[in-house]
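Just so it is clear, none of the values below were taken in a lab; they were calculated from the coordinates. Everything numeric here is computed off the predicted structure, so don't read it as measured data. Methodologically, a virtual Cβ is constructed for each residue, glycine included, from the backbone with ideal geometry; neighbour enumeration extends over all protein chains shown.
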Amino acid sequence: MDAEEWAQAYPSDRFLTAATAVGRAHVLTSRSAAAVLGLPLVSIPQEIDIAVTGRGHVGRTPPGRFPFGMKRIRSLSPPMEFGDLLITPPSESILRAAGSLPIGEAVALCDAALRRHYVDEASWAPSGPDLMVALEAATWRGGRTNARRALEFARPQSESPGESMSRVLIIESGFRAPELQVRFCLNSGETARCDFFWREAGIIGEFDGLIKYQPGLSGQRSPAEVAMEERQRESALHDLGFRVLRWTWSALRGEQPLLPRLLRDAGVPRA
């Protein structure tokens, strides 16, 4: 990636480029290993996580060649090859990353890992039981409680970090856990699959990450066409007698996120 590409790149791509470069000389672990595995990091780290063994120095060093510092983390696990890089085993990498992240972001990471196992059938991806066994056997201690909470929340049905973080906020705000990715047969004969469904209240919840409205990211369809299709889909769900509640990233952020109020006003049932 040259200087112009770097300047125009998304922060996540910059981090992945830096982690890959560092990974050619070091063993990646935690958040950096998760990134090269293709798992989502909602907040872009300011450090590249690398594993050290034996009496190697642990701790932090300031940014150098890249605008990222280095965080050296003790690991007793033998590294494994992933492409032309070395990383700590995926289970350890995922768990240590989850242990270091806010709970919503940790669940997003674990959801994606489970999806890679159960849906994509990626050969490297651990199952839920595999991760729990690895957590019980772990020799490291920091972050274990948070990693365990994330595993208890994790579901492979979530298809995006926004859905994962929404689900955590829904449950932690005292609302009933929704069904995930429920399919509805529309009057047209087509099928609509929705992110969240509270069956007893007849309420559908949809997290809208807005990325589908960006040019070039929805195949041949223009953003206007995508928006029109979404409106038609929502109208068809209303015709079935359901209420559709939509929200975006802005409803998940801040000290007092908006989503709980939206759910309360819509009549989403409490746990």
- Using modelled backbone amide H atoms (1.01 Å from N, in-plane), which distant-in-sequence or interchain residues come within less than 5 Å of F175's amide H? A271
- Query: Going highest first, how would you order 3-9, 125-131 by mean Cβ packing within 10 Å?
  - Reply: 125-131, 3-9
- What fraction of the DSSP beta bridges in the chain is antiparallel, stated in percent and rounded to the nearest 5? 60
- Query: With r defined as the distance between the Cβ atoms of D13 and D239 and R0 fixed at 51 Å, what FRET efficiency is calculated, to the nearest 0.05?
  - Reply: 0.75
- Task: Please list the non-local residues whose amide H lies under 5 Å from the amide H of V27, H modeled 1.01 Å from N, same-chain partners needing a gap of 5 or more.
- Result: A51
- Highest average packing first - 145-152, 188-195, Cβ atoms within 10 Å: 145-152, 188-195
- Starting from the amide H of F82, placed 1.01 Å from N in the peptide plane, find each other amide H under 5 Å away whose residue is 5 or more places distant or on another chain. I87
- Simple spin-label estimate for S160 and E230 in nanometres, 7 Å along Cα-Cβ: 0.8
- 222 nm [θ] for the chain, helices only, -39500 (n - 2.57) per DSSP H run of 4+, per residue, to 500? -12500 deg cm²/dmol
- Query: Once phi is turned into θ = phi - 60°, what whole-Hz ³J(HN,Hα) does the Karplus curve with 6.51, -1.76 and 1.60 give for every residue of the stretch 33-45, x standing for Gly and Pro?
  - Reply: 5, 4, 5, 6, 6, x, 8, x, 10, 5, 9, 6, x
- Item | Sites V182 and R55 - FRET efficiency at Förster radius 41 Å, r taken between beta-carbons, to 0.05 | 0.15
- Note on the structure: Measuring from the longest principal axis of the C-alpha atoms of the chain, the long axis of helix 223-239 (C-alpha) lies at a number of degrees, nearest 10, equal to 50
- Of all DSSP beta bridges located in the stretch 18-74, what percent are antiparallel, nearest 5? 45
- Computed over the chain: longest principal axis from alpha-carbon atoms vs helix 128-137 long axis, angle to nearest 10 degrees, is 40
- Task: Show me 33-41, 254-262 ranked by packing, highest mean number of other Cβ atoms within 10 Å first.
- Result: 33-41, 254-262
